[in-house]
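Notes follow once the structure below has been shown.
The values are calculated or read from the model by the stated rules, or taken from the named source; none is laboratory data. Remember, it's a predicted structure, so these values are computed and weren't measured experimentally. Note: ideal-geometry Cβ built from the backbone for every residue, glycine included; neighbour counts use all protein chains shown. Heavy atoms of the whole protein, side chains included, go into the accessibility calculation; ligands, DNA and RNA do not. Shrake-Rupley method; radii C 1.70, N 1.55, O 1.52, S 1.80 Å.
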Amino acid sequence: MKERMDERMKNKKEELKREVVLTAKRALKEGMVAGTSGNISVFLEDLNAMAITPSGYDYTIMEENDVVVISLDGTVLEGHLKPSSEWKLHAEIYKNLPHVKSVVHTHSPYATSFAVLHKEIPVILIEMVPFLKGSIEVSPYAKQGSSDVGSNAVPILGRKNACLMANHGVVAVGDTLGQAYINSIYVEDAAKIYHMALTVGTPVVLTEDLW
Ligand SMILES: [Zn+2]
């Protein structure tokens, strides 16, 4: 009985690691990350740990075995590579927001340009309400790789499914990896459209009474 359960847990973990790799490759293909930037993780409930993309590793050659399993204090439980240098961002989110099961961090260009400006993206498209839970706020700047990057974003991510991180990029969360990734796409889509609208006029913001 126990063996069967262990086997099931192992299969689930392998399946999630595969999903991390497929999503990372998709993110590169879809221009959501450049070079080796960005990182993706899923929470492994049974282990109170996460499966996360490795640090500075080429997405095009990434395989399941390259995904690193670490506990929330950074101890490597499985894997031959170093975890993403931004693992503390993911750990802070999982520690503080138990409803989050996956974290996708990108440097998608349109959204990141608003992060550089410290400029919130208001609700300009109705999709932003169900997917992102409203406007896209900016979390205060913190040094890359520090746990402050995560703790600064947590208060926003307690209310929203994504935020911009000042002078850094985007962090999106979800109850599945698929959902977190889609949320990161909606952030970039809203940012791109907002940017284009700003270049030709003054965008009309959808106020809450119109949602
Ligand atoms: Zn980053």
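So here's what we get for this one:
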read-out: Inverse of mean 1/r across different Cα pairs in the chain, Kirkwood, Å; value: 17.3
read-out: Per residue solvent-accessible surface (Å²) - the chain, probe of 1.4 Å; value: 49
read-out: Selected from Val67, Met32, Ala51, residue furthest toward positive end of dipole (the range 1-70; charges at beta carbon); value: Met32
read-out: Per principal axis, descending, Cα span of the range 1-85 in whole Å; value: 45, 24, 18
read-out: Relative contact order (%) - criterion: Cα under 8 Å, at least six apart; region: the range 2-210; value: 19
read-out: Set Lys2/Lys133; Lys10/Lys133; Lys101/Lys192; Lys25/Lys101 screened for pairs whose C-alpha atoms are more than 30 Å apart; value: Lys2/Lys133; Lys10/Lys133
read-out: Sequence ranges 58-67, 199-208, ranked by mean other-Cβ count within 10 angstrom, highest first; value: 58-67, 199-208
read-out: Nearest-ten-degree value, helix 147-157 long axis tilted from longest Cα axis of the chain; value: 60
read-out: Carbon plus sulfur fraction of accessible area for the chain, probe 1.4 Å, in percent; value: 54
read-out: Packing rank of 164-174, 18-28, 73-83, 35-45, where each peptide gets the mean count of other beta carbons within 10 Å, highest leading; value: 164-174, 35-45, 18-28, 73-83
